[in-house]
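Written out below as structure tokens is the structure these notes cover.
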């Protein structure tokens, strides 16, 4: 088995595992996925898979295919257990994905569809950010961290300087790493603010006690 095959299989394995804590937390009620974002991600994952498949079979496709399936499953769970709805912006992003498919067929260039997928996917991330900022506890950072690892492994599994094959897994790794970092950082900030608030509250009680 070649090095690229090992990396591709490792990426697919991590992709399979990264959804486990996320699904677990959804079922527990601690994680509340944004319906619109996951609908977009699941559709774009399928587009990315077939766009890259058109450029030729590659071990990195294992990660992309597994991620597409897991994102579709999370979206199915989010219908009843998530938050948000499909608004005009979400529908516009889906339109971008459709245009990516049309551009792919019209130009016979898979990188055109993949580039459109990346742009729409990033916009889907931006849709989720306000919820992450307000309530970082409603997301599972470990899933995004493992997804980032799978993206970087899939990037290495390409084994060639082919932009059409490198673009999506590299983007996937970077954006998921950034999302995980944001969730963790925001949790720490809110936790620190909560501790400071509680300390000030206790101090105010102690100051007022002699006068009661």
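The values are calculated or read from the model by the stated rules, or taken from the named source; none is laboratory data. All figures in this text were calculated on a predicted structure; none of them were measured in a lab. So basically every Cβ, Gly included, is an ideal-geometry build from the backbone, and we count neighbours across all protein chains shown.
Evaluate the following for residue 76: is it within 30 Å of residue 3 (Cα to Cα), out of contact with any helix residue (DSSP H, G or I) (no Cβ under 6 Å at 6 or more places or on another chain) and modelled with pLDDT of 75 or more? Give the steps one after another, and end with the answer.
Working: within 30 Å of residue 3 (Cα to Cα): no; out of contact with any helix residue (DSSP H, G or I) (no Cβ under 6 Å at 6 or more places or on another chain): yes; modelled with pLDDT of 75 or more: yes.
Against the criterion (within 30 Å of residue 3 (Cα to Cα), out of contact with any helix residue (DSSP H, G or I) (no Cβ under 6 Å at 6 or more places or on another chain) and modelled with pLDDT of 75 or more), residue 76 does not qualify.
Residues that are at pLDDT below 85, surrounded by fewer than 17 Cβ atoms within 10 Å (Cβ to Cβ) and more than 15 Å from the chain's Cα centre (by Cα): find the helices (runs of 4 or more DSSP H) completely inside the stretch 96-212 holding 2 or more of those. Please lay out each step first, then the result.
Numbers: elements: 110-134, 141-158, 163-208.
Output list reads 163-208.
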